[in-house]
Amino acid sequence: MTNFLVLLIGIAVPGALCWLSLLLLEGRHPVLTRAERIVWALTLGPTLFTFIAFLSHVLGLTRLTLVGFLLPNIVVALLLGAGAWTSGVLRSGWNTPLPASLSPDTAPRWVRLGVLLLCIWTGVKLLAGAIDLFGVPTYWDDSFNNWNMRGKMFFVTERIELTIPVGNQIVQTEGGVSSYPPALPLVKTWLSDLRGSWEEPLVNGVHLLWFLGLLGSFFLLLRRSFSRTVSLLGASLLASLPLLLIQGTNPYADVFLASHLFLSIACLLGAGRSTTTEELSSWLKLLGFTLGLLLFTKNEATVLYAPLLILLAFWLLLGKKRTGMITQQQFTRVAGLCAIILALLALPWLAFKWLNGLTFGNAKSISGMTLSFNPLVVRAIWYHLSHEPNWLLLPLVLPLVLILSGKRAWELPEGLLTVFVVVSILAQFLLFALLAPLATEAIMQTGLSRGLLHVVPVALLLVILLVRQLLLETEKK
Amino acid sequence: MRHLRFLWLLIAVSSLALPLTALAKDSRTLEFAAGEVNATWEGHGTISMQKQQGGILLSTTGTGFILTRQVLDIFPQAGSITVSTDLGTELYFVWIYADDPDKRPYDVGISVPGGKRVTVPFSLSQHRQWYDKPMQFGLVLPPKTTILLHRIELTQWNFAERLLSGLKALWTFDAERPYSINFVWGPQIAWNPAAIKDLYAYLPPIFTSVTYALNIFLLLCFMVIAAFVFLRGNPQDRRKRFLRLALPILLAGWVFLDVRMGSEFISWVAWDYRTYIAAPANLKTFRDRDRFYDFAAFAVPYVFDRQTYVFFADREWPFLGNMRYLSYPAIPGIAYDRDDTWIVFNRPDITVDEQGRVTIGGEAVSLPGRVLGRFDESSFVFRTYQKPILPPPPPAP
């Protein structure tokens, strides 16, 4: 019970800070609904909170103690609060319009009943996963070698440690798991500092937050375009993906990354759908914010997702400029604001990595890898997608819907999702097939499945949006 | 209406008759007990065969074959062997086809545990090379193997039974294993009870993946719908019509796989709950780690004031990393010339001798000390009376 209370406080405090940050970023032109802002704040909050504590720590101002976590965050919260009070955004934030009200529920009774049953089934699975997450010891390799281990080290030593004793007199230096961003271990350190001891149910149980955050933000994004029934069906379909459910209810970091990535995508889509410059500006500021925090989750964000998302943002802005929605001056202003927010959050971690000689790959440095095609990778990918129900029928549906949609799948704003999904999946497949040291990650289905896991929520969203487009529109000759 | 009633009655009567035919399992038993041998057997390779009361004693120095040319009047899908052996061993059921010019022997591995009159089932139907009644069949014994062979039984099931086995296989779950965080095999189809036992024993599974079959089935459905929709009706809305027909089938397939995989997920949690979360303290086991976590909780307090300690387990992965995490900041290692505390998990070969020294395989490797706490027969915490003195470093080159 104490662990549960500590967990609630431990996510509510960062959540409140992040809520304030989101409100300030949106400024006088809020774009998030109240529910969205709460779900986003709870999902991103711990990352923002630990980023501030990390920054204060590496600048030599604080240690990784309870005071070390709270003090810099209180200072930031006071500054943000003062900003919010004087600018009056607190009032405008509460008056956010609800786009969901545009989509009334017209589904027949039997469809609603079917979706209700699916939701109950999803709830049963989530409850089962939560029982396991809180009740069993740390079992998986990456949990006890990386995420939990580093969190415990930071908790015991009260500082960021880059040298990890492996055991048997072997010591792992900066090249290994220390190259991963410390956000997730720091969340565990923060919770343990708050609790006063390292507790397995507490440091493992927190992972449920990001899975629920992902499901919640997925539902709310769908709610912008669909009725409650369809949105619930979509969220149930997402929760039904077996590997996502397994990873979401175990202390691994990939759903943590996926939840952040999905919010960056939601910002990009929001920017794509925006009809005014003010709205566009709000979404792009949020994009800079979510993208900056995304870099602090896992290395894949730095080497693959962030560059791709930045390119897509530019493509979007150029499109808006071409259609006359924004002028060159406005282009520079909104892009500049996005870049500044991103740089504020991204540069400290990237500079820390560079200064300490940490690698930029997925625990393996991608520089200096030799090129050689491995046909076994192709076989492993085929087997993973066609013979195993890791993603249920999504690997069949995604290409089918893309083919059916044709050129329209690539048009803005849904085209942003199409390009992101196709490029990030193909890029990962190519990296696995061509870079010899990474081939094992595909053949053993380790890196392969996790890479796909980051992208599948976006892929499912794309499928749902394209199916809707196909059902609503009449084909042109 | 009367015709319809008659049809229903016919179906009901037929369904009552179905279990009677389903019981018609057909087996052929090859006995080896004295006086009961019902086939002619010949040995090949370095094998000795000796008739005994309960069976035939087979002993090899190199690889040995025992084969028969007995004509099978059934085409079995599976079999079983009954043997007695002191040590567990790997045997192979082997067969040769008459129409094969090379007379290649094809085989299926059978893992036999040690014990008296152990019956081990094995499946044949999933093997691509098992497609016809063989000309010759029998067993292969690896070098230096001794077994007392009692019986070989080969079984053929009828269609209804195979169908029931298929349904049972569909709902047979894999356990939660170290690979489950990266992928799941999903449902597999096997057509006989012996095969169901081995459904997830092979990596990757050798049976038909239901996911693959469902993908193919749906693809064929979509092709039929596409042909139907794209050739007929208004071309303006053909994609919409395609989706309206395809989506319900797709959703049905999706929900079916979801229910199957969700049930597997819940079965994992139920297993963890029974064997670990709600199990009594001295009976807690966890997946493939046995009693490790309880042992770690028992042992870690003994090293709370140590920086390093000696740790031995029956295998390095995953216990070294897991122990290091649980005992941090105390780090496990193999420096028994420096550390005074030993944590030993599941190592029957590591004991403490009469002089109070830790021995590995009978050889003393520590200074005298005492067992601080014993978890079970082969797991304990030991500490030397004196701290070992680090030997001087080797001279610089």
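We did not get these values from a lab; they are worked out from the coordinates using the rules stated. Remember, predicted model here, so these are calculated numbers, not experimental data. We place every Cβ from the backbone using ideal geometry, glycine too, and count neighbours over all the protein chains shown.
When a/c reaches 1.5 or more, the comparison of a/b and b/c decides; with that in mind, is chain B rounded, prolate or oblate per its Cα gyration tensor?
oblate
For the charge dipole of the range A:205-306, defined by +1 on Lys and Arg C-beta atoms and -1 on Asp and Glu C-beta atoms about the Cα centroid, which residue among A:Thr276, A:Gly213, A:Val303 has the Cα displaced farthest towards the positive pole?
A:Thr276
Just the ratio, please: alpha-carbon radius of gyration of chain A over 2.2 N^0.38 Å, N its number of residues.
Cα-based Rg divided by the globular estimate yields 0.95.
Let's test the formula: R0 of 22 Å, r as the Cβ-Cβ distance of A:Leu337 and A:Leu311. What FRET efficiency results, to the nearest 0.05?
E(calc), rounded to 0.05, equals 0.75.
Looking at the square roots a ≥ b ≥ c of the eigenvalues of the Cα gyration tensor of the range A:212-366, which shape do they give, rounded for a/c under 1.5, prolate if a/b is larger than b/c, or oblate? Spell out each step's value before the answer.
Numbers: a/c = 2.54, a/b = 1.06, b/c = 2.40.
Here the range A:212-366 falls in the oblate category.
Other chains near A:236-248: what is the mean number of their Cβ atoms within 10 Å of each residue's Cβ?
On the way: counts 2, 4, 0, 2, 7, 3, 11, 6, 0, 4, 9, 2, 0.
Other-chain Cβ atoms within 10 Å of each residue's Cβ, averaged: 4.
So if we plug the beta-carbon distance of A:Ile170 and B:Asp102 into 1/(1 + (r/R0)^6) with R0 = 51 Å, what FRET efficiency do we get, rounded to 0.05?
So the FRET efficiency works out to roughly 0.50.
For the range B:174-183, what does the Karplus curve 6.51 cos²θ - 1.76 cosθ + 1.60, with θ = phi - 60°, yield as ³J(HN,Hα) per residue in whole Hz, taken in order and with x for Gly and Pro?
Using θ = phi - 60°, the values come out as 6, 7, 7, 10, x, 7, 5, 6, 10, 6 Hz.
Using θ = phi - 60° and the Karplus relation 6.51 cos²θ - 1.76 cosθ + 1.60, list the HN-Hα couplings for the range A:336-345 in order, rounded to whole Hz, with x at every Gly or Pro.
x, 4, 4, 5, 5, 4, 4, 5, 4, 8
At R0 = 51 Å, how high is the FRET efficiency between A:Ile9 and A:Thr163 if r is their beta carbon distance? Nearest 0.05 is fine.
For R0 = 51 Å, the calculated efficiency reads 0.95.
Over the range B:245-317, how many percent of alpha carbon pairs lie in each 5 Å bin up to the one with the longest distance?
3, 12, 14, 13, 11, 11, 8, 7, 6, 5, 4, 2, 1, 0
Contact order normalised by length for chain A, with contacts defined as Cα pairs under 8 Å and 6 or more residues apart; what percent is it?
17
Using alpha carbon coordinates only, what is the Rg to Rh ratio of the protein assembly as shown, with Rh defined as the Kirkwood radius?
Result: Rg/Rh = 1.02.
So who's got an amide H within less than 5 Å of the one on B:Gln188, skipping anything under 5 residues away but keeping other chains? H placed 1.01 Å off N, in plane.
B:Val210
So for chain B, averaging the separation of alpha carbon pairs under 8 Å that are six or more residues apart and normalising by length, what relative contact order in percent results?
Values: 671 pairs, mean separation 41.8, N = 397.
Over chain B, the number comes to 11 percent.
Number of Lys-Lys pairs in chain A under 16 Å by Cα, sequence gap 8 or more or different chains?
7
Shielding of B:208-219 by partners, i.e. mean partner chain Cβ atoms within 10 Å per residue?
Counting Cβ atoms of other protein chains within 10 Å of each residue's Cβ and averaging gives 4.
Any idea what the dipole of the range A:148-307 comes to, in debye rounded to 20, about its Cα centre with Lys/Arg Cβ at +1 and Asp/Glu Cβ at -1?
For the range A:148-307, the charge dipole is close to 400 debye.
Among A:Ala253, B:Gly79, A:Pro399, pick out the residue whose Cα is farthest towards the positive end of the charge dipole of the protein assembly as shown, where Lys and Arg carry +1 and Asp and Glu carry -1 on C-beta, about the Cα centre.
Toward the positive end, the furthest listed residue is A:Pro399.
Please give me, ordered by residue number, the GluC sites (Glu not before Pro) of the range A:377-477 that lie in loop per DSSP and have at most 16 other Cβ atoms within 10 Å.
Passing both the DSSP loop test and the Cβ count: A:Glu411, A:Glu473, A:Glu475.
For q values of 0.15, 0.25 Å⁻¹, compute log₁₀ I(q)/I(0) with the Debye formula on a Cα-only model of the range A:299-399, without solvent.
Computed log10 I(q)/I(0) values: -0.94, -1.26.
Within chain B, how many Lys pairs that are eight or more residues apart, or on different chains, come under 20 Å at the alpha-carbon? All intermediate terms of the calculation are to be shown ahead of the outcome.
On the way: B:Lys25/B:Lys133; B:Lys25/B:Lys168; B:Lys25/B:Lys197; B:Lys51/B:Lys116; B:Lys51/B:Lys144; B:Lys103/B:Lys133; B:Lys116/B:Lys144; B:Lys168/B:Lys197.
Within chain B, the lysine pair count is 8.
If you place +1 on the Cβ of every Lys and Arg, -1 on the Cβ of every Asp and Glu, and leave all else neutral, what size is the dipole of the protein assembly as shown about its Cα centre, to the nearest 20 Debye?
On the way: 72 positive and 58 negative charges, 634 e Å.
The dipole of the protein assembly as shown has a size of about 3040 debye.
Explain nothing, just the number: relative contact order of the range B:75-177, from Cα pairs under 8 Å at least 6 residues apart, as a whole percent.
Computed over the range B:75-177, the figure is 40 percent.
Taking the Cα centre of each part, how many Å lie between the range B:68-86 and the range A:313-357?
Their Cα centres are 72 Å away from one another.
Give the dimensionless ratio obtained when the Cα radius of gyration of the range A:1-156 is divided by 2.2 N^0.38 Å.
This ratio for the range A:1-156 stands at 1.35.
Compare the Cα positions of A:Leu312, A:Ile120, A:Gly60 along the charge dipole of chain A (+1 at Cβ of Lys, Arg; -1 at Cβ of Asp, Glu; about the Cα centre) and return the one farthest towards the positive end.
Of the listed residues, the answer is A:Leu312.
Shielding by partners for B:311-318, please: the mean number of other protein chain Cβ atoms within 10 Å of each residue's Cβ.
Other-chain Cβ atoms within 10 Å of each residue's Cβ, averaged: 1.
Enter the Cα centre distance for the pair the range A:103-171 and the range A:372-403, rounded to the nearest angstrom.
The range A:103-171 and the range A:372-403 have Cα centres spaced 25 Å from each other.
List the residues whose amide H sits under 5 Å from the amide H of B:Thr308, counting only those 5 or more places along or on another chain, with H placed 1.01 Å from N in the peptide plane.
B:Ile331
So what J values fall out for the range A:271-284 if you push phi through Karplus, 6.51 cos²θ - 1.76 cosθ + 1.60 with θ = phi - 60°, rounded to Hz, Gly and Pro as x?
Couplings: 5, x, 8, 5, 10, 10, 5, 5, 4, 4, 5, 4, 5, 6 Hz.
Any chance you could list P(r) for the range A:375-477, counting all Cα-Cα pairs in 5 angstrom bins from zero, rounded to whole %?
P(r) for the range A:375-477, in whole percents per bin: 2, 12, 22, 22, 16, 12, 8, 3, 2, 0.
Measuring from the lowest to the highest alpha carbon on each principal axis, how far does the range B:279-346 reach, largest first, in angstroms?
38, 22, 17
Is it possible to state the helix-based mean residue ellipticity at 222 nm for the protein assembly as shown, with each DSSP H run of 4+ residues giving -39500 (n - 2.57), the sum divided by total residues, to the nearest 500 deg cm²/dmol? What is it?
The helix-only estimate for the protein assembly as shown comes to -17000 deg cm²/dmol at 222 nm.
If I model a spin label at B:Thr172 and A:Arg109 as a point 7 Å from the Cα along the Cα→Cβ vector, what separation in nanometres do I get?
Inter-label distance under the simple model: 4.4 nm.
Could you sort A:215-226, A:37-48, A:299-310 so that the peptide with the highest average Cβ count within 10 Å comes first and the rest follow in order?
A:37-48, A:215-226, A:299-310
Nearest 20 debye, what's the magnitude of the dipole of the range B:301-354 about its Cα centre given +1 on Lys and Arg Cβ and -1 on Asp and Glu Cβ?
320
Considering only B:Glu36, B:Glu153, B:Glu363, give the residue with the highest GNM mean-square fluctuation for chain B, with springs between Cα atoms whenever their separation is below 10 Å.
B:Glu363
Please report the spacing between the Cα centers of the range B:281-341 and the range A:189-249 in Å, no decimals.
For the range B:281-341 versus the range A:189-249, the Cα centre distance is 33 Å.
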